[in-house]
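Contents: one structure, followed by commentary.
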Protein chains: 2
Amino acid sequence: MGPAIGSDLPASTEGLRRRNTSLVLRSLRQQGPATRAELAKRTGLAKATVGVIVGGLAEAAAVDEADSVPGGRGRPGRPVTLTGRGLLGLGLELNVDYVSAVLLDLGGRVRLSETRPATDAARLPALLELARDVVRREPAGRLVGAMVAVPGLVRGDDRSVAWTPNLDATGLAADVEAALDGRCGVSVGNDANCAAYAESHHGAATGVAHALYLTGTVGIGAGIVSDGRLQRGSTGFAGEVGHMPIGDSTALCGCGRRGCWEASVGLHAMLTAVGLPELATPLRSAQAVAARASADPAVREALARLGQDVGLGLAVLANVLDPEVVVLGGYFVPLGEHVLAPARRSLDERLPSAAQRRPELRLSTLGMEAAALGAAELALEGVFSGDVPVT
Amino acid sequence: MGPAIGSDLPASTEGLRRRNTSLVLRSLRQQGPATRAELAKRTGLAKATVGVIVGGLAEAAAVDEADSVPGGRGRPGRPVTLTGRGLLGLGLELNVDYVSAVLLDLGGRVRLSETRPATDAARLPALLELARDVVRREPAGRLVGAMVAVPGLVRGDDRSVAWTPNLDATGLAADVEAALDGRCGVSVGNDANCAAYAESHHGAATGVAHALYLTGTVGIGAGIVSDGRLQRGSTGFAGEVGHMPIGDSTALCGCGRRGCWEASVGLHAMLTAVGLPELATPLRSAQAVAARASADPAVREALARLGQDVGLGLAVLANVLDPEVVVLGGYFVPLGEHVLAPARRSLDERLPSAAQRRPELRLSTLGMEAAALGAAELALEGVFSGDVPVT
DNA sequence: GACTTAAGTTCGAGTCTCGTACTTAATGGA
DNA sequence: TCCATTAAGTACGAGACTCGAACTTAAGTC
């Protein structure tokens, strides 16, 4: 009759423990270190239960116990901190002109991160070598999972890739799994989705449950975080906003149609509008434009028109999704307020009613490694959600 | 650090039982009646556990046991059916020109349903009286919850209403709660959201996990069901698609701006396009238009243009949300293929890549009571999700 | 140095799931 | 007709877990 809701796995008493363990972990992540007694109050669990759970977490090297801090009345508590030394998530990114890797621990600290340039046939070998290197350099701790971010359409199975521009990603998950000696499962994700997840955990939308991430390169892609979860859609292709019919309806898009949003606000449209050439990477191109903008009012003017179309598309997205924060990444970052300010204005003009407030527009703070970082965070997700046992 | 994910309530052993009970209930709802042994296979629970759980459900009059059906080898099983006589959800709708109520049991059967015309100051009293009547006529069974659907912006708390056109909904939840003698909690929901939920359980998108519902009256509203859950957004206003800048960018909207989608595809735009007058209700108006369309090619032509703009907006929504099925409700229903066919065409033209398939476009099958039915279904949700104990 | 306060642990009771063994109710062949 | 076979459902004990109460421990306070 109805669609599937909630987990469809039977819950055993061990599942119960996992659930409550995840409760403690999330409390430590969101509200910071706390004594067992405080944790009991925060989670609603009994003191005794928290004691057992923290014991298990300490054994798995997920938490560390600080010295007691005297000061108040009564026996002082010993604060428990989520350091997560023992549990690691690996995030990888396979992109058109580079590969990168981020090794993240459960405490949210980046243990290692590296980006290497790579193109064409050298790409996949470079990624596999990078993965091997990173894992080899940090032998301590258990690798909980790994995820590869790819600029393309990833199916709902989190493994197979339906379509990628300019690069081949068939068999990617299996290749990476082999490179890691099968130390953990490997999944594949869309780069915008991964970056969106990263922004909602480490970046400009940290702690925001409803966030939208927009990345600008040659194409335009979005990642949707709703209620803290990534929205994937029925086939995994949600957030493919580049070809929405928005902006200049006569603009010719790379896809052959007219009026796609990215034909108005993609990298090429921006460069044509300001009259500057494309450089080696989108980021370099945008930096050059930003540098020119401070001197040339015509460039600023062109960027303002671009920003207006950005705002127009964001108005659509805001009306549909009602996000709290919108993060702009990719080539938008160097352009900063040149695009943000007019985007805010056209967004304001397009908000439906007085009751609705404008979502906050922010710039990404994570740089090139946003996608890999988000992939790592997603690799660790199972622990925080209680799906993966800590012990 | 990160946003809240998953339930933040501690899980006790009773919670475990609720969870597994909900597992059995969902299996019965989705896959139909089954013997205890079959249920054990379907859910992954032990036979003994299923036995205990079914016992509890039978005691609460949630399931009924049929006679054993011989035929195969071995002892025949006794199929357990989800009749849900004992557990009821009440759905109400407060609309501009009518109020309605649906009393639904856990088995998904509509026990009672009624719609009464009401306007202006008589609206709220009519709703309260209707609620009292309906509950009085079905005294057996436990009322698990009630929900009121309202055409307006409902905040994330599921109680307070931020904005409604042409009607007052302040204190609505409390008033209904009082009318029901506090027999159950009452929440408030957006009518498009409720209707969307109804379509994904009883209507044209039954069993579809990613569905989009679009209602057409004077305004245009959407309800988003993603992974079986309603998407509400950060403030509860997700799906307010009427004022997206789509369609004829010069069309003047009731909100004072130009280019809103509903200025192109709302009821008034449609009537102006075909040159027919507005009747008492949107449905009547649309029926008159449909009647005229079969004779008048100019009307068909106008509806085709309208359908094109409908498809344009759906293309945007499909790109963002990737739904499996889109259900059109409200005034679109009488117009049927006059609008659907051109909408499908313009949607096809706008799909980004070969990898992506077009979502199926269907007409709502639920009629006037869609919203109230969905509200009732939502009132029962807590039982299926395991949040509300059955006993 | 005794008292107070609060953190953390120990322990027994209660609840739940699970696997195994058992009972029950049908079929099918001798 | 009777008995083996098959499969559904139940009874029961083991194991895991949470919880509250009692207890121990480590500080500050009088």
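The values are calculated or read from the model by the stated rules, or taken from the named source; none is laboratory data. All of these numbers come straight from a predicted model, not from anything done at the bench. All Cβ positions, even for glycine, are placed from backbone atoms using ideal geometry, and neighbour counts span all protein chains on display. For accessibility, only protein heavy atoms count, side chains too; no ligands or nucleic acids. Shrake-Rupley method; radii C 1.70, N 1.55, O 1.52, S 1.80 Å.
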- Task: Search the stretch B:315-372 for residues being without any contact (Cβ under 8 Å) to a residue 60 or more places away in the chain and on the phi > 0 side of the Ramachandran plot, and hand back the single one that is most open to solvent (accessible area, probe 1.4 Å).
- Result: B:Gly367
- Task: Would you be able to tell me the number of residues in the stretch B:72-85 that are open to solvent by 20 Å² or more (accessible area, probe 1.4 Å), more than 11 Å from DNA strand D (Cβ to nearest atom) and either part of a strand (DSSP E or B) or more than 26 Å from B:Glu177 (Cβ to Cβ) (or both)?
- Result: 2
- The one condition in (1) surrounded by fewer than 20 Cβ atoms within 10 Å (Cβ to Cβ); (2) touching a residue at least 60 places away in the same chain (Cβ under 8 Å) that A:Ser226 fails to fulfil: (1)
- Query: Within the stretch A:248-282, which residues are surrounded by fewer than 22 Cβ atoms within 10 Å (Cβ to Cβ), touching a strand residue (DSSP E or B) at 6+ places or on another chain (Cβ under 9 Å) and more than 11 Å from A:Val218 (Cα to Cα)?
  - Reply: A:Asp248, A:Ser249, A:Thr250, A:Ala251, A:Leu252, A:Arg257, A:Arg258, A:Gly259
- Working only within the stretch B:160-186, note down all residues that are modelled with pLDDT of 95 or more and surrounded by fewer than 16 Cβ atoms within 10 Å (Cβ to Cβ). B:Ala174, B:Ala178
- Query: Just to be sure, is B:Ala46 over 26 Å from the mean Cα position of the chain (by Cα) and either of a type in the set (A, V, I, L, M) or surrounded by 14 or more Cβ atoms within 10 Å (Cβ to Cβ) (or both)?
  - Reply: yes
- Query: Does B:Gly91 fit the bill of being assigned by TED's automatic domain parsing to the domain that holds B:Leu172, more than 13 Å from DNA strand D (Cβ to nearest atom), closer than 30 Å to B:Arg137 by Cα and not hydrophobic (A, V, I, L, M, F, W, C)?
  - Reply: yes
- Do the conditions hold for B:Lys41, that is, is it of a type in the set (Lys, Arg), within 7 Å of DNA strand C (Cβ to nearest atom) and surrounded by fewer than 17 Cβ atoms within 10 Å (Cβ to Cβ)? no
- Filter result for A:Gly32 (within 10 Å of chain B (Cβ to nearest Cβ), under 19 Å from A:Leu380 (Cβ atoms), away from DNA strand D (no atom under 12 Å from the Cβ) and not aromatic (Phe, Trp, Tyr)): yes
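Mind listing just one residue for me: the one in the stretch B:7-29 that is of a type in the set (D, E, K, R) and more than 8 Å from chain A (Cβ to nearest Cβ) and, of those, least open to solvent (accessible area, probe 1.4 Å)?
B:Arg18
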- Task: State all residues of the stretch B:295-314 that are under 19 Å from A:Ile246 (Cβ atoms) and either among the hydroxyl-bearing types (Ser, Thr, Tyr) or open to solvent by less than 10 Å² (accessible area, probe 1.4 Å) (or both); if no residue qualifies, say none.
- Result: B:Val310, B:Gly311, B:Gly313, B:Leu314
- Message: Which count do you get for residues in the stretch B:340-372 that are of a type in the set (Ser, Thr, Tyr), more than 14 Å from chain A (Cβ to nearest Cβ) and touching a strand residue (DSSP E or B) at 6+ places or on another chain (Cβ under 7 Å)?
- Response: 1
- Among the candidates B:Ala375, B:Ala379, single out the residue that is in contact (Cβ under 8 Å) with a residue 60 or more places away in the chain, away from chain A (no Cβ under 13 Å) and touching a helix residue (DSSP H, G or I) at 6+ places or on another chain (Cβ under 6 Å). B:Ala375
- Message: I want to confirm something. Restricting to the stretch A:194-253 and keeping residues that are charged (D, E, K, R), under 27 Å from A:Leu271 (Cα atoms) and over 13 Å from the mean Cα position of the chain (by Cα), which single residue is farthest from the other protein chains (Cβ to nearest Cβ)?
- Response: A:Asp248
- Pairs, please: C-beta under 6 Å, at least 6 apart or cross-chain, first residue more than 14 Å from chain A (Cβ to nearest Cβ) and in the stretch B:70-82, second of a type in the set (Gly, Ala, Ser) and within 6 Å of DNA strand C (Cβ to nearest atom)? B:Pro76/B:Ser68; B:Arg78/B:Ser68
- Kindly indicate the residue of the stretch B:35-60 that is at the interface with chain A (Cβ under 8 Å from one of its Cβ atoms) and in a loop (DSSP other than H, G, I, E, B) and also farthest from DNA strand D (Cβ to nearest atom) among those meeting that condition. B:Gly44
- Message: Quick check on my filter: what residues within the stretch A:134-159 are more than 19 Å from the chain's Cα centre (by Cα) and open to solvent by less than 30 Å² (accessible area, probe 1.4 Å)?
- Response: A:Val134, A:Val135, A:Leu143
- Message: So if I check each of B:Gly86, B:Gly108, which one is within 19 Å of B:Val390 (Cα to Cα), more than 16 Å from DNA strand C (Cβ to nearest atom) and either among the hydroxyl-bearing types (Ser, Thr, Tyr) or in contact with a helix residue (DSSP H, G or I) (Cβ under 8 Å, 6 or more places away or on another chain) (or both)?
- Response: B:Gly108
- Expected single match for on the phi < 0 side of the Ramachandran plot, under 21 Å from the mean Cα position of the chain (by Cα) and away from DNA strand D (no atom under 16 Å from the Cβ) among B:Ala126, B:Ala131, B:Ala122 is B:Ala131
- Scope the stretch B:86-130; condition part of a strand (DSSP E or B), open to solvent by 10 Å² or more (accessible area, probe 1.4 Å) and within 14 Å of chain A (Cβ to nearest Cβ); matching residues: B:Val110
- Give the residue that is surrounded by the fewest Cβ atoms within 10 Å (Cβ to Cβ), with candidates limited to residues of the stretch A:187-223 that are of a type in the set (A, V, I, L, M, F, W, C) and touching a Lys or Arg at 6+ places or on another chain (Cβ under 8 Å). A:Ala204
